[in-house]
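Asker: Supplied in structure tokens, the structure appears directly below.
Readers should treat all values here as calculations from the given coordinates under stated rules, not as data from a laboratory. Everything numeric in this text was worked out from a predicted model, so none of it was measured. Positions of Cβ are backbone-derived with ideal geometry, glycine not excepted, and every protein chain shown enters the neighbour counts.
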Amino acid sequence: MSVGAALAVGSVCVLAMLGASLVFGRKLDRVSERLGLSEGLHGILTALGADSPEIATAIAAVAASHEEAGVGVVIGAGTFNLAALLGLSAVLAGRVAIHRHGLLLNGGVGLAVVGTAVALVLGAIGATVATVLILAVLVPYAVLFALPPGRLRGPLGAAVREEAEDMRTDRVPPATLLDALEIVPCLIVIVAAAIWLVKAATDLGDHWGVSDVVVGTLVLAALTTLPNVVTAVRLALHGRGAAVVSEAFNSNSLNILFGLAIPGLFLTLGTASGIQAFTAWWLLGMTGVAIVLAWSGHGLARPEGAAMIILYVPFVIVVATR
């Protein structure tokens, strides 16, 4: 398509995708209330709803034989999440506080999943092994949050109790049958918008000589992460730092599972280029830095938040100039 048409289609797709994902997230909230899920599971389900644009876009790109763009969406969204959800939220709110127990739980799970993603992108393991390893981490994690907080003792019990308290949301009316049915058209809009957004973005990349790696890692990743950014900043401004940290790490884990590992079971992810290897390692290192900074200060204050944003800058420069 022409440059003008691609810009118009891309803009419409971004707006449609973000709008549908916000409605989708609200409907999931009501379904979660109807099912009586714990606060922890409710937070994970909410993160999945907010991640739907990134996941759909990554799958659409890989399915359209733009593997570098698809992998780039997942890895790029991960680094952008850390810079925006943690860094920007801390800068705007002044502080994103979290208990160390919860940080070790969420950060440890997030780091393990990102490490598995690096091995997958580099070709050290296949998609089947990666999926099994990630599920081996995330399933017990979800089970912990499904248990009544009083059932667990010690540091692990403290982490689950603290997370459940900090992720507590305002209660919403339980879902009706209509709410459940409305989830389907929301998903259809998100998937259709993702397919056309990938088409428009890659066409623009071809017109302007921009590689699929740049398109996926920087452009599509940032655009599709906007719902998460809005949610995280709102939570941070309300003093719910643990929910922000949980959202950041859970978002990255869910993106990797549903946008990279599981699609890799059915689609070819391609062979990692040098720049893709760099982005994967950078995400792993940035995840580790976020955990260390948050541990040292029981959360992230403005200086640490600024440091996370600054860490994203060389990532952008390297990707954009390759």
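Asker: Above 19 Å lies some portion of the pair distances; for the range 53-117, what is it as a whole percent of all C-alpha pairs?
Answerer: Every Cα pair in the range 53-117 considered, those over 19 Å come to 48 percent.
Asker: Ok, one more. Quick one: Debye curve from the C-alpha atoms of the range 3-321, no solvent, what's log10 I(q)/I(0) at q = 0.06, 0.08 Å⁻¹?
Answerer: -0.18, -0.33
Asker: Continuing with this model, one more query. Could you work out [θ]222 nm for the chain from helices alone, using -39500 (n - 2.57) per DSSP H run of at least four and dividing by all its residues? Round to the nearest 500 deg cm²/dmol.
Answerer: -25500 deg cm²/dmol
Asker: Gaussian network model of the chain, Cα springs within a sub-10 Å range: biggest mean-square fluctuation belongs to which of Leu220, Leu104, Leu181?
Answerer: Of the options given, Leu181 has the highest mean-square fluctuation.
Asker: Could you give the angle, 0 to 90 degrees to the nearest 10, between helix 302-321's Cα long axis and the longest principal axis of the Cα atoms of the chain?
Answerer: Helix 302-321 sits roughly 20 degrees off the main axis of the chain.
Asker: Among Leu226, Leu254, Leu204, which one shows the highest mean-square fluctuation when the chain is modelled as a Gaussian network with alpha-carbon springs under 10 Å?
Answerer: Per the Cα network of the chain with a 10 Å cutoff, Leu204 tops the list.
Asker: Let me make sure I get this right: for the range 178-322, a, b and c are the square roots of the gyration tensor eigenvalues over alpha carbons, sorted descending. Under 1.5 in a/c it's rounded, otherwise prolate if a/b > b/c, else oblate. Which is it?
Answerer: It is oblate, given that a/c is not under 1.5 and a/b is not larger than b/c.
Asker: Then there is this: Among residues other than Thr224 whose Cβ falls under 13 Å from its Cβ, what is the net charge (Lys/Arg +1, Asp/Glu -1)?
Answerer: -2
Asker: Something else about it: Can you tell me the relative contact order of the chain? Whole percent, Cα pairs under 8 Å, sequence separation 6 or more.
Answerer: Once divided by the residue count of the chain, the mean separation gives 41 percent.
Asker: Could you grab the relative contact order for the range 193-322? Cα pairs under 8 Å, six or more apart, rounded to a whole percent.
Answerer: It comes to 25 percent, rounded to a whole number.
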